[in-house]
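Trainee: Mind having a look at this structure? Questions to follow.
The values are calculated or read from the model by the stated rules, or taken from the named source; none is laboratory data. For clarity, every value in this text was computed on a predicted model and none was experimentally measured. Cβ: placed from backbone, ideal geometry, glycine included. Neighbour counts: every protein chain shown. With ligands, DNA and RNA removed, areas are computed over all heavy atoms of the protein, side chains included. Shrake-Rupley method; radii C 1.70, N 1.55, O 1.52, S 1.80 Å.
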Amino acid sequence: MIQVAKSILLVVSALFPIVDPIGGSPVFLLLTRDYAAETRRALARRIAVDSFILLVASFILGAHVLSFFGISLPVVQVGGGLIVISTGWAMLNQKDGNDRPAGRTVTCADALSQAFYPLTLPLTVGPGSISVAITLGANAPQRLGANLLVILAAAIGSAFVAVTIYLCYGYADRLASKMGPTGTNVILKLSAFLLVCIGVQILWNGASKLLSSLPQFAGVVALPR
């Protein structure tokens, strides 16, 4: 049991700072500010469940899936970074709440249709989280008994992260109501800008690894001025 507890702590400490549901709640609120509170909480619940499934699947099957399709982690980071940049840029260019037309209604079914993409992948569980989950799974013991314990620990740790996602996303509107419209708009625009920066960083992490594998690129960099 001590080994399982250590594994759970490892999974949570590795995934929670990258998933960062606290920092992601303003982004979620910006994308769902036209939704009713009940719809927003139903959507947060679906995102939490999808995030749990995606994290556990990445831990167990991620390395095998990438190997089957011949895809490397840097390529996943480049593709995911581009999507995150695109989403953040679109959020930056969204109109403020006072400038948008009123009376727009969104049904719960319409909201849930975008639960997986883009709200779960890549905005909540992005390339960084998937990369960490795949790395943890690849380094897990291959013995049957030990591997089952590690998978159990990964599931419990991912469930803890999923619960925090639901709490932070489902009740993000309460924090916004205390900050007021102006404070909320400032936080949302700042979060959108940070999302663009995160996307650039993810893109660069993958691109730098791909470029470093090219001897031609290394030779160009090494040329004297």
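Trainee: Cβ neighbours within 10 Å, averaged per peptide: list 24-32, 63-71 in order, most packed at the top.
Mentor: 24-32, 63-71
Trainee: Now, a different point. Roughly what angle does helix 144-170 make with the longest principal axis of the chain, taking Cα atoms, 0 to 90 degrees, to the nearest 10?
Mentor: Its long axis makes an angle of about 20 degrees.
Trainee: Along the charge dipole of the chain, which of Ala155, Thr107, Ala57 sits closest to the positive end, that is, farthest toward it, with unit charges on the beta carbon of Lys, Arg, Asp and Glu (+1, +1, -1, -1)?
Mentor: Farthest towards the positive end: Ala155.
Trainee: Helix-derived [θ] at 222 nm for the chain: sum -39500 (n - 2.57) over DSSP H runs of at least 4, divide by residue count, nearest 500?
Mentor: After summing the helix terms and dividing by residue count, I get -26500 deg cm²/dmol.
Trainee: Still on this structure: Working from Cα positions, state the angle (0 to 90°, nearest 10) between the long axis of helix 127-138 and the longest principal axis of the chain.
Mentor: In the chain, helix 127-138 runs at an angle near 40 degrees to the longest axis.
Trainee: With every protein chain left in place and a probe of 1.4 Å, what is the accessible surface of Leu214, to the nearest 10 Å²?
Mentor: For Leu214, solvent-accessible area is about 80 Å².
Trainee: Using the Cα gyration tensor of the chain, with a ≥ b ≥ c the square roots of its eigenvalues, what is the shape: rounded (a/c below 1.5), prolate (a/b larger than b/c) or oblate (neither)?
Mentor: oblate
Trainee: Output the peptides 5-16, 113-124 sorted from most to least packed, where packing is the average of other Cβ atoms within 10 Å over each peptide's residues.
Mentor: The densest-packed peptide leads the list: 113-124, 5-16.
Trainee: Which angle between 0 and 90 degrees, to the nearest 10, do you get for helix 21-31 versus the longest principal axis of the chain when only C-alpha atoms count?
Mentor: 50 degrees
Trainee: With charges only on Cβ, +1 for K and R and -1 for D and E, what is the dipole size of the chain about its Cα centre, in debye, rounded to 20?
Mentor: Around 200 debye, computed over the chain.
Trainee: Convert each backbone phi in segment 58-72 into a coupling constant with the Karplus relation 6.51 cos²θ - 1.76 cosθ + 1.60 (shift: θ = phi - 60°), then list the ³J(HN,Hα) values in order as whole Hz, x for Gly and Pro.
Mentor: Result, ordered by residue: 5, 5, 7, 10, x, 5, 5, 5, 5, 5, 5, 8, x, 10, 9 Hz.
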